[in-house]
1. What order, most packed first, do the peptides 106-112, 43-49 have when packing is the mean number of other Cβ atoms within 10 Å of each residue?
2. Given (1) 16.3; (2) 21.8; (3) 19.7, which label gives mean projected area of the Cα convex hull in nm² as computed from the coordinates?
3. Compute the length gained on full extension between residue 252 and residue 208: take 0.36 nm times their separation in residues and subtract their Cα-Cα distance, giving the result in nm to one decimal.
4. Determine, from the Cβ-Cβ distance of residue 32 and residue 245 and an R0 of 25 Å, the FRET efficiency 1/(1 + (r/R0)^6), rounded to the nearest 0.05.
5. Using DSSP, restrict attention to beta bridges with both residues in the chain and report what percent are antiparallel, rounded to the nearest 5.
6. Using a 10 Å cut-off on Cβ atoms, rank the peptides 289-295, 242-248 from the highest mean neighbour count down.
7. Computed FRET efficiency, Cβ-Cβ of residue 321 and residue 86, R0 51 Å: what is it to the nearest 0.05?
8. For the stretch 233-297 and the stretch 59-98, what is the separation of their C-alpha centers, rounded to whole Å?
């Protein structure tokens with residue numbers, strides 16, 4: 001019998017407040033966009049016709065209700081979403097810099113997502129997942145770290161493919177040593193690793209991508225598919241000693257890069273769902289990355305991510321150009 005979910009993700013579901021100009025009085029206006037990397041990934045997968053479910057916690061408050069509505073609206077199964085009367089929904093304020101990069105300020109001390117416990121993890125969803133996806137924001141603090149590791153254990157036992165995106169947010173860690181330790185744990189358990197250019201150099205301490213990838217492949221032989229996102233330089237994929245690099249689809253009307261990596265990651269997971277996890281050849285990896293780069297480019301032209309993921313037709317139209 002087939003599994004009920006293509007992908008189940010666990011982690012943060014939060015509000016991304018993004019710049020939206022200035023008021024008549026000259027005060028900054030902030031737009032409350034639903035966000036959180038794991039659900040961004042799921043939202044893209046839903047657009048591509050996959051069945052997804054989310055496990056996490058928000059506050060039983062204005063923003064928590066808004067987020068629950070947002071994920072249900074895009075089709076993500078919210079059966080694993082817990083609402084807390086004790087802790088508020090986490091808020092992130094995203095400041096976009098002139099070069100398109102971002103700075104984050106978090107209101108999460110503690111936020112509801114940090115306080116998800118092992119007892120609150122929906123076991124049935126994990127047993128019914130083909131792929132389990134998670135990041136490192138659910139490993140910053142003791143309670144949710146224990147829940148994440150418990151979920152990972154259940155998903156592995158049920159035979160799920162494990163996908164990990166470190167998605168490092170330095171302000172949320174007590175120390176970068178702890179961040180490195182927990183990200184290392186995630187890497188040691190995953191089949192698919194999606195990592196960004198700055199993260200891989202920081203984690204390995206190497207000064208070139210080639211050396212950094214080699215260091216990861218040597219240390220973590222469990223990783224079957226390694227994806228390296230390079231921002232404006234495109235992306236790379238590695239399967240053993242097979243490697244490809246694909247150029248980006250740079251857009252003149254780019255607003256911000258929030259959600260680009262998650263969109264890319266969702267496309268890769270979609271490709272794996274369609275083809276299985278295997279020793280992809282160069283042609284297959286190129287096809288995978290080209291589609292993922294196109295989708296990531298489109299999300300940079302929109303505010304927010306979760307609620308505005310591109311349709312398959314939009315991605316194919318950009319590829320057609």
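Derivation of every value follows stated rules applied to the coordinates shown; laboratory data play no part. These numbers come from a predicted model, not from an experiment. Quick reminder, even Gly has a Cβ in these numbers, built from the backbone with ideal geometry, and neighbours come from all protein chains shown.
1. So the peptides 106-112, 43-49, ranked by packing, come out 43-49, 106-112.
2. Here mean projected area of the Cα convex hull in nm² agrees with entry (1).
3. 12.9 nm is the gain from fully extending residue 252 to residue 208.
4. So the FRET efficiency works out to roughly 0.10.
5. Once the DSSP bridges in the chain are tallied, antiparallel ones form about 40 percent.
6. Result, highest mean first: 289-295, 242-248.
7. 0.50
8. About 27 Å separates the Cα centre of the stretch 233-297 from the one of the stretch 59-98.
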